[in-house]
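Accompanying notes for the structure given below.
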Amino acid sequence: MKEKIVVHVCCAPDQAYVVKLLRDTHEIRCYFSNPNIEPEEEYEKRLADAQRVADHFGVPIVAPTYKPHLWENAIREFQHTPEGGERCRECFLLRFRQTAAFCRELGWPSFTSTLSISPHKSMAVIEQAGRTAAGEFGVTFEPFNFKKKDGFKKSVALSRGLGLYRQDYCGCRLSKRESEARSRR
Ligand code: SF4
């Protein structure tokens with residue numbers, strides 16, 4: 001019998017790689033927890049593609065109601081920190097808490113996250129946030145490091161093949177601003 005795992009999905013390109021990688025060994029349920037994404041049209045666009053990936057691989061996907069104020073509340077104290085700092089840690093924690101709650105509701109033992117595929121995100125910070133959230137909800141966080149074995153490069157190639165939308169900023173309004181500033185430079 002395949003092991004059951006909830007996959008926290010940050011975006012469709014990363015989801016496609018992770019689902020393809022785990023589907024032979026795991027029964028997967030995708031969970032699109034991303035109250036960080038701004039504006040709402042961008043959220044809808046990313047969610048629509050995540051649904052396409054789920055349909056393509058034949059796995060279920062669930063998305064909680066979009067509530068961006070949850071993200072604003074979670075990072076308020078850290079909004080002046082740069083990408084990769086405390087605000088991202090709080091952002092991971094929020095999304096993992098939602099995912100861990102869903103995992104417990106489902107009665108499944110563990111969850112993981114597609115976030116670890118990004119070369120810009122620290123595995124240590126992801127793992128710490130994952131374990132904290134999992135501990136609060138009595139489930140386990142599986143610290144798969146999907147960036148290993150050229151995971152990021154492979155996800156780019158796969159997402160091109162599937163014609164998926166690749167965003168040019170992480171997701172929140174602050175990362176959008178930072179990305180625009182980088183382009184101007
Ligand atoms: S940069 Fe990305 S991980 Fe960091 S707070 Fe914004 S959306 Fe979250």
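Every number in this text was worked out from the coordinates using simple rules, so none of it is lab data. Model, not experiment: these values are computed from the prediction. Glycine gets a Cβ as well: all are built from the backbone with ideal geometry, and neighbour counts include every protein chain shown.
Points worth noting:
- Residue ID - nearest to residue 142 (Cα to Cα), chosen from residues in region 11-38 that are in contact (Cβ under 8 Å) with a residue 60 or more places away in the chain and in a loop (DSSP other than H, G, I, E, B): 33
- For region 83-115, filtered to residues that are among the charged types (D, E, K, R) and more than 12 Å from the ligand (Cβ to nearest atom), the residue that is nearest to the chain's Cα centre (by Cα) is 97.
- In the set (1) part of a helix (DSSP H, G or I); (2) buried (at least 22 other Cβ atoms within 10 Å of the Cβ); (3) in contact with a strand residue (DSSP E or B) (Cβ under 8 Å, 6 or more places away or on another chain); (4) not charged (D, E, K, R), residue 112 fails one condition alone, (1).
- Residue in region 144-153 that is part of a loop (DSSP other than H, G, I, E, B), within 16 Å of the ligand (Cβ to nearest atom) and in contact (Cβ under 8 Å) with a residue 40 or more places away in the chain present: yes
- Complete set of residues in region 115-136 that are part of a helix (DSSP H, G or I) and either in contact with a His (Cβ under 7 Å, 6 or more places away or on another chain) or buried (at least 19 other Cβ atoms within 10 Å of the Cβ) (or both): 115, 116, 117, 126, 129, 130, 133, 134
- Which numbered condition residue 181 fails, given (1) more than 12 Å from the ligand (Cβ to nearest atom); (2) surrounded by 18 or more Cβ atoms within 10 Å (Cβ to Cβ); (3) in a helix (DSSP H, G or I): (2)
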